[in-house]
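One structure is given here, and the rest of the page talks about it.
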Amino acid sequence: MSTDLAPTLDLDALRERIDTALAQGLRSPSAAVPAPRGRAGELTRALTDFVLAPGKRIRPLLCVLGWHAADGGDGDGEETLWRTAASLEVFHAFALIHDDIIDGSPTRRGRPSAHRYFAGRHRSRPDADAFGTHAAILLGDLALICSNSFIHTAGLTARQRDTVLPLLDAMRGEVLLGQHMDLMATGRPTDDVEEAMTIARLKTAKYTVERPLHLGAALAGAGPDLLARCSAYALPLGEAFQLRDDLLGVFGDPAVTGKPVHDDLRSGKATVLMALATRRATPEQRGTLEALVGRADLDEDGAAHIRHVLQHTGARDTVENMITTRHEQALRALDTSAFAPETAAALRKIAARAAVRTA
């Protein structure tokens, strides 16, 4: 086995290798990134800075672990693995950039979101804000093109193309559908817990955990049984990940999360947390939610009133319990001989980081 894919499966070492693959790919002429000079240079530099900014790298990490789950770590085809894993991070950059435009988010990872970054750089223009949005749309498009280039230059065999590309297409379609459903449901609080859970499964459980695991396993030749075992771990964990995000979006510390704590409340995000509170609310509490959730001018006092309802209806505690239940379900799925001990240990660490976190 090569030193790049050591049996200890040190997650920090794997993340460093992923970052190396990202940096190499973004600087390669084959990455479909314009040369960093002239008028295209601003987009190129912005994409490189965005993608290489510190992050969890959870999707490429899970792709690598899926490869190991399918016993692919014998040194053969590693470069294909790293480029495929890296492509997921570049695709995620595309999703985040466009998501921040849709949500009107001012920050991402503690820094200005892409549309705010471009608007700030071109503040002397009379249309600086519109320009920032338009440039960020193009930046997201460039990230999508670059993600495709990573895949198409990864050296996939014919077998891998036949199994990996349909999974990749499914992932992209699922996250797009989830985003559209999220957009349709956003604005005012509703008590539709089931729809909120469906959005969480499409936007997060499948996109963040299941499909990356499937992609890595498929690269290594996994069959249907192993893919099903990966799903048994991935889907509950992905739901736990999104439920934790919902809590952090309202109760988190912006200095730690890197995002304003009012964004979800101002946009009226259709979360399980909000749906549970709305379903259980007294008439007075429902009136508070309907008056305040979705207001673009929501201030801290209004946010505090909403948090009071989320806590006193028991919605916050219920979501915490849902996270715990799903985290435990994911861990039980690893108690099988389908996963080698070192792979199962790494997946347990991923589960802890996804479900029990502050950012």
Specify which of the listed residues (ILE137, ILE97) is β-branched (Val, Ile, Thr) and touching a Leu at 6+ places or on another chain (Cβ under 9 Å). ILE97
Please find, among ARG295, ARG348, ARG353, the residue that is of a type in the set (Lys, Arg), modelled with pLDDT under 95 and closer than 30 Å to HIS214 by Cα. ARG353
Would you confirm whether any residue within the stretch 15-22 is surrounded by fewer than 20 Cβ atoms within 10 Å (Cβ to Cβ), polar (S, T, N, Q), at pLDDT 90 or above and in a helix (DSSP H, G or I)? yes
Give me the pairs, please: first residue somewhere in the stretch 102-121 and more than 16 Å from ALA296 (Cβ to Cβ), second residue anywhere and aliphatic (A, V, I, L, M) and part of a loop (DSSP other than H, G, I, E, B), beta-carbon distance under 8 Å, and either six or more positions apart or on two chains. ARG109/ALA53; ARG111/ALA53
Subset tally (residues that are acidic (Asp, Glu) and in contact (Cβ under 8 Å) with a residue 60 or more places away in the chain) for the stretch 262-318: 2
Looking at the stretch 105-134, which of its residues are assigned to a helix (DSSP H, G or I), over 22 Å from the mean Cα position of the chain (by Cα) and among the small types (Gly, Ala, Ser)? ALA119, GLY120, ALA128, ALA130, GLY132
Checking the structure you have, find out if any residue of the stretch 335-345 is surrounded by 19 or more Cβ atoms within 10 Å (Cβ to Cβ), under 30 Å from PRO112 (Cβ atoms) and in contact (Cβ under 8 Å) with a residue 60 or more places away in the chain. no
Only one of ARG286, ARG266, ARG229, ARG280 that is modelled with pLDDT of 95 or more, within 21 Å of LYS203 (Cα to Cα) and either of a type in the set (D, E, K, R) or not assigned by TED's automatic domain parsing to the domain that holds VAL209 (or both): ARG229
Residues (closer than 19 Å to ARG201 by Cβ and touching a Leu at 6+ places or on another chain (Cβ under 9 Å)) located in the stretch 242-259: LEU243, ASP246, LEU247, GLY249
Mind listing whichever residues of the stretch 205-257 are of a type in the set (A, V, I, L, M) and in contact with a Cys (Cβ under 7 Å, 6 or more places away or on another chain)? LEU213, LEU215, ALA217
Is there a residue in the stretch 309-321 that is of a type outside the set (A, V, I, L, M), under 30 Å from ALA277 (Cα atoms) and modelled with pLDDT under 95? no
Qualifying residues in the stretch 179-219 (those that are farther than 21 Å from ALA281 by Cβ and of a type in the set (Asp, Glu)) - the one farthest from the chain's Cα centre (by Cα): ASP182
Could you tell me which of the residues THR318, THR336, THR343, THR271 is among the β-branched types (Val, Ile, Thr), within 25 Å of GLY55 (Cβ to Cβ) and either more than 20 Å from the chain's Cα centre (by Cα) or in the same structural domain as ASP99 (by TED's automatic domain parsing) (or both)? THR343
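The values are calculated or read from the model by the stated rules, or taken from the named source; none is laboratory data. Since the model is a prediction, treat every value here as computed from it, not as a measurement. All Cβ positions, even for glycine, are placed from backbone atoms using ideal geometry, and neighbour counts span all protein chains on display.
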